[in-house]
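Right, one structure below, let's go through it.
Every read-out reported here was derived from the displayed coordinates using simple, explicitly stated rules and does not represent laboratory data. The structure displayed is predicted, hence computed values, not measured ones. Quick reminder, even Gly has a Cβ in these numbers, built from the backbone with ideal geometry, and neighbours come from all protein chains shown.
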């Protein structure tokens, strides 16, 4: 699997989309509580905005029942007047929106009223971030800048996932779709994973899109990790030593025994994977109709990823 | 733009040129720190951020480990720049190891910025005062108009419709180098003046501000003060009104000058006066390479040398007049033609063909900007051809020989010169015998003629 | 400019034989550029006499939606494992200059784009290239999975001469496609410039042969409709279209990139043996079987014969095992679980209940209100009821294949969440 080809970035102006995991089930059990985690992130956002006047930061909250845009630095200046000073406004704006989001997210959960959900809706926030990037990209081209001079500032877009909760297997297809779309638009997905074990989704995402995957060893020094690794603009990445991915295991697991396999049999119609040869694909045998396939897909997709 | 002889230097180069004492004083202002940080090369920014929370000196060796082999030269540039601006202090300890420390004042200021975020230099007008503020579009239009008016006045003082308040002495300083005035004649634009007009707004602004700063001492202003005020100004929010009473006397004077340039709009309230920074002011701290403020193009050039400019601006019309024949003007359309005559007059004024071409390319209308090339090739080629037409005379140092005693000797000599590929001209037909040969072959010629005479 | 001048020089020579150009044959090259583009028609004058370009975005979007709807109705099962031969007609008709710079040049350019797109969308499939010139079909590249080698071979062989022969091309392709395993979908895409075919035997027999072998033949013509092509496509279940201009040609070619609906009897569902090779350790040295040279690190080892290959997906050169990685499979999943087309929100509803609807696009946060705060065009996902702008609609369906709205709700368990 080749990594995304690197684009040439003439300038260090960047548009950073931060996907912030707000899953309460994770943060309540984490070594680094959310209240301590947030100041690191805020300082990091500040430092990005400090580096270049044209930098833009957008924050999307990844909840466990919904996702939402909670902050966009480009709309800052309009709201500054109420609070007098921009920065406290920036913080309070973000925090206020975040709080509203978390409360609403929880209400949605009560409606569903089920056991604790350990995964967040990463696929949703990734999809939203990509739509946003696409819109910025389009806006750039619409202005007819691109032929004039390639050195004209083009926002180098990057996505940073600050994720803690574990992967939700039912999101596998959606997340893979997002990853491929990001790869196509050459948007690197960086990931900083705060959870205890590694996230297979984020490892794949960063590897395929040419981003950086990092699991901080000492969560208390998070800001230093963030500013050292993730504040690097895409232009400078060509010159700096960054954490290398140790290679991702792209072997698949079979549907029948969930074993990781070197060689297997794949159904030509539905692409199910089996470790032994059967006369007929058992998945297809059941799933004749699309509607049935839809209903059951989440069951077998989960099996791919485990 | 290629070949711009006027170098609109960066603000930061000016800052870096300040003496150490003044620099250290500048860093006490948090805005200066921010502006300086933003002006650094990307790698240098990165280093500053990385060292921000590290209190102990970092060895040069460990910093070199951060970069890949490809980036060593960039690394050097970044470190040099940081030392030059006195952000890094370099110390060599007893073990001959070089270490760097971040300037402590700079460090504390940046740390504050990170925790508290960017604080505005001063409170904007409280929202309970109900004064109608101009909208952002109005403000932009105002800035543009003011700037164009200034430029128009700069080119031709009589042409400006609205006299601006810029004092004639100030105007003189700006015009210095751009206009030349022989006694009693109307002032004429110099070569650099014409080039100045073809630059983009940001570059022009830099040029003017640089003149303004370098002349500040004459007006009894400290240049460091002026620089720090201008930088501070760039951190105000575009379109917000600020109370003018928060400024000191000297700053109030500066504000007035800047208002004439369109950097600031002054507004008289019932009790207090307010100043509203425009985009021109807030873009000051952005380095020159950022062309994101580039305006939309407006010129369409066709293969038949006709030129359509969608613009209502008088200045655009004037600029186009520099190198084309403007034929008619509609409300938002200027139609002209690029002709040999119009170009010749441009060349006479010292504008180069490349400058015209790059002006046309940079200001290409979005519709044609999508095409490659945005200006038809035959037009650009023709502009270059006409330009080289003017440079037909070639100077070659030469020697002139005459009064050859015999025709044979002349023919022999010219054949000999031809052998060296040095014959430039001979006059065979007339009775006078004349010959011109390249100077570098004079020695051979003299030897040859000497031999022949024997 | 060079092209323009060349065209003008050739203009006189062409005129007699050039049927397509008959209507504007008398024009000089620069005049023709205006006649074709009609640039003045895209200008409008407003009340104050200022000239404004016309916005034709909504027109484009309507076109796109029509295409999307057509595609979604036919959505059943898809043939994901395809074996496609692209036949390029390089007879002397391909030198015609009604496409600029020539038919051949334009075809090559778009075939290159198509090959890349094809492999992006069908990572498990293979392509081969066949050219026809001087009445002879010639196999440029065998079936293979590497876009680079195809493109390179194509660009190196761009000369045209002689007549075209449909039968020879079909016979050649039939020979190759007949050997492939039964689970694969056999397809031929013919880019036909000529108006005739010069065949050695009865082409009807060849067409029947193709039909029997379940080879789906599609033709894109560059000149005019020909009966035999139409017949071929009808018999074998392919598509036949004529390209009107370059943009249309591109669209027609790219239409073949997404997998076609699978017809049950065309390919038999089967289990295929495939290998999932592991990435070789960094720094290990091995001779790769594809380039036959020693390489350090970065490679994959075939699990069956332990040969080294450089990139995936591919077929092991030594033992013939198909080697892929799990993301390649994942890339095809969106064909299996397509997202439903979004519904356009009717304007009347928007005007009535403007305040109840979200103001910004759920995907990109762009304001959905048109100029002057009038309700503009917008679409809504029938499942999650979120509203999207037209650009996101296209992006979501053509590249992302996720609905951001559906993905950010726990939709699969809690049906019909109605907020508020």
How far apart, in nm, are the 7 Å Cα→Cβ label points at residue C:120 and residue B:268? 6.2
What is the list of residues in the range B:434-454 whose amide nitrogen lies under 16 Å from a point 7 angstrom out from the Cα of residue B:402, following Cα to Cβ? B:434-437
Please grab the % of Cα pairs in the range C:80-254 that end up more than 20 Å from each other. 47
Quote the convex hull volume per residue of the range C:133-200, based on C-alpha atoms, as a whole number of Å³. 96
Square roots of five times the Cα gyration tensor eigenvalues for the range B:299-390, Å: 19, 16, 11
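Please give the FRET efficiency for residue C:367 paired with residue B:394, using the beta carbon to beta carbon distance and R0 = 60 Å, rounded to the nearest 0.05.
Details: r = 63 Å, r/R0 = 1.05.
Between residue C:367 and residue B:394 the formula returns 0.45.
With a 10 Å Cβ neighbour count serving as the proxy for reagent exposure, in which order, fewest first, do C:80, B:68, A:19, B:226 appear? Numbers along the way, then the final one.
Values: C:80 27, B:68 14, A:19 24, B:226 20.
In increasing order of surrounding Cβ atoms, one gets B:68, B:226, A:19, C:80.
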Measure off 7 Å from each Cα along the Cα-to-Cβ vector at residue C:244 and residue C:224, then give the distance between these two points in nanometres to one decimal. 1.8
Suppose each label sits 7 Å from its Cα in the direction of the beta carbon; what would the residue C:357-residue B:329 distance come out to in nanometres? 4.5
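Between residue A:118 and residue A:282, what FRET efficiency comes out of the Förster formula 1/(1 + (r/R0)^6) with R0 = 30 Å and r the beta carbon distance, rounded to 0.05? Write out the running numbers ahead of the final one.
Working: r = 30 Å, r/R0 = 0.99.
With a Förster radius of 30 Å, E is 0.50.
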Rounded to the nearest 5, the percent of antiparallel DSSP beta bridges in the range C:80-254 equals 20
If B:303, C:141 are placed from fewest to most neighbouring beta carbons inside 10 Å, the sequence is B:303, C:141
For the range B:411-440 and the range A:46-60, write down the distance between their C-alpha centroids in whole Å. 73
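Please work out the FRET efficiency for the pair residue B:101 and residue B:135, using the Cβ-Cβ distance as r and a Förster radius of 51 Å; give the result to the nearest 0.05. It would help to have the intermediate numbers written out before the result.
Details: r = 48 Å, r/R0 = 0.94.
After rounding to 0.05, the efficiency reads 0.60.
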The range C:174-190-the range C:287-334 distance, computed between alpha-carbon centres (Å): 23
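With both partners inside the range C:274-336, how many of the DSSP beta bridges are antiparallel, as a percent to the nearest 5?
Details: 9 of 12 bridges.
If we restrict to bridges inside the range C:274-336, about 75 percent are antiparallel.
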When the chain is fully extended, how far beyond the present Cα-Cα distance does residue B:382 get from residue B:424, taking 0.36 nm per residue of separation? 12.1 nm
